[in-house]
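Before any comments, here is the structure.
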Amino acid sequence: MNDIISILQNTLNINPELSFIEHYPIKIVHEKGRVKEETVLDYLESLNFFDQNGFSAHSYSNEKISDLRENAQNYIQSVSYGISKKQMYESYKFSEKFPHDRWKKIIDDNDLEAVVEISHFSDKSDVQNIETELRNIMRSRKEVPLLKKIGFIWVAYCKKDQNIDNIMQHYFLEKHKSISREGQIIFIGWSEQLQNINMRYFVYPPNS
């Protein structure tokens, strides 16, 4: 079992019947005109990815999702893990909100319970960089209606001398822990619903 999955299960007492789906897709390109690289467009057309009106489909097999991730990575977004009632997915369903949206977004199938995002920071990352990455992740995920309503877990691998307790307390209140091991600290923060995390204020404003 992946080490981080074991850590999360032991730390958060996650139901062992739930599965961790790696690279769970949350957005795919909606409109043909959004694809700028000719080679990528040729590849997608070879897969009949777009219909005659230039729009992607609303459901894709796991195989097609893997192909898209490998060959057109700028046109799919995924989370590190989706925590799901399913052991595996045969297909994923997406929908756009407006006719010319950039993205189709994953829609609710009543199986996804939470998402996990993992960040790795070098010794050159300061607290402002770390907070900015977390905020960018949460802002992007809040753009997906389904993800706003389910659990959100952030795992940050930091160097031993990096202390982000203030960041964890600010965004996750009392729902965070840290684990020290092998010259690094693993910070884990969680919320039952992403939409409940308050992003109104920074701990470390970018220009401070």
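The values are calculated or read from the model by the stated rules, or taken from the named source; none is laboratory data. Treat the numbers as computed from the prediction; the structure is a model and nothing was measured. Note: ideal-geometry Cβ built from the backbone for every residue, glycine included; neighbour counts use all protein chains shown. Areas reflect the complete protein model, heavy atoms only, side chains present, ligands, DNA and RNA absent. Shrake-Rupley method; radii C 1.70, N 1.55, O 1.52, S 1.80 Å.
Starting with the highest mean, order 27-35, 52-60, 178-186, 114-122 by the number of other Cβ atoms within 10 Å, averaged over the residues of each peptide. Can you show the working numbers first?
Details: 27-35: 20.0, 52-60: 14.0, 178-186: 12.4, 114-122: 18.3.
Put in order of decreasing packing, that is 27-35, 114-122, 52-60, 178-186.
Return the carbon/sulfur percentage of the accessible area of the chain, one whole number, probe 1.4 Å, all protein chains in place.
For the chain, the apolar C and S fraction of the accessible surface comes to 45 percent.
Across 5 Å bins from the origin, how do the percents of Cα pairs in the range 122-168 run, short distances first?
Reading upward from the zero bin: 4, 18, 28, 20, 14, 10, 5, 0.
If you look at just the Cα atoms of the range 73-141, how large are its Rg and its Dmax in Å?
15.1, 44
How big, on average over all directions, is the shadow cast by the Cα convex hull of the range 35-99, in nm²?
Numbers: hull surface 21.4 nm².
Average projection, Cα convex hull of the range 35-99: 5.3 nm².
At 1.4 Å probe radius, can you tell me the per residue accessible area of the chain in Å²? Display every interim value, and only then the final one.
Values: 11390 Å² over 208 residues.
For the chain, the solvent-accessible area averages 55 Å² per residue.
Can you tell me, using C-alpha contacts under 8 Å and at least 6 residues apart, the relative contact order of the range 86-167 as a whole percent?
On the way: 73 pairs, mean separation 29.5, N = 82.
Reported as a whole number, the value is 36 percent.
For a distance above 23 Å, tell me the whole-number percent of Cα pairs in the range 1-113 that qualify.
Working: 2178 of 6328 pairs.
Result: 34 percent of Cα pairs exceed 23 Å.
What number, in nm² with one decimal, is the all-direction average of the projected area of the convex hull of the alpha-carbon atoms of the chain? Working shown, then result.
Values: hull surface 52.4 nm².
The directionally averaged projection comes out at 13.1 nm².
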